[in-house]
């Protein structure tokens, strides 16, 4: 009876296409794998910027080479993180179908901004990786551009938290008039 008091009536009680406990196990497993590779990506990207900054200060070629290696691994792990992030999103949309789509409608502009931020961050990461020699003489400008990439990766996680909060706690949708200004 608690579901009837929510803002979203259970119009179509859709059956879950599979064993619910298996789907819950898979969502936890795939999300953990996704987060591990997201952390690898952020660690390598942050490490590359930190090592490059230290290389500029100390004028060390070795630190610069280590930063280049970190940037190479950051782009590889980013691709793996993206692929591993699809499975938990699909499983959530199966388990919480009506809540997932309703909360997605409420924060639709934020979802679009996430896509724009991620594309920008991915492109900056590739520019970081493939323009190393080109920016060799302009290290400080390159370091600023590369640190912007890390900022983009860390900003968009707030929007994912909003989506999760509305999926898991749909009562919060009743008080919500608008999520994104």
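Every read-out reported here was derived from the displayed coordinates using simple, explicitly stated rules and does not represent laboratory data. The shown structure was predicted, so the numbers you read here are calculated from the model rather than taken from an experiment. Reconstructed Cβ throughout: ideal geometry from the backbone, glycine too, with neighbour counts over all protein chains shown.
The table below lists the values:
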{"item": "Packing-based order for 46-59, 130-143, using average beta carbon neighbours within 10 Å, highest first", "result": "46-59, 130-143"}
{"item": "Cβ-derived FRET efficiency at R0 30 Å, residue 136 paired with residue 29, nearest 0.05", "result": "0.10"}
{"item": "In range of the label at residue 148: residues from the stretch 66-86 whose backbone nitrogen is under 14 Å from the point 7 Å along Cα→Cβ", "result": "none"}
{"item": "For the stretch 39-154, the Rg and Dmax computed from alpha carbons only, in angstrom", "result": "17.3, 56"}
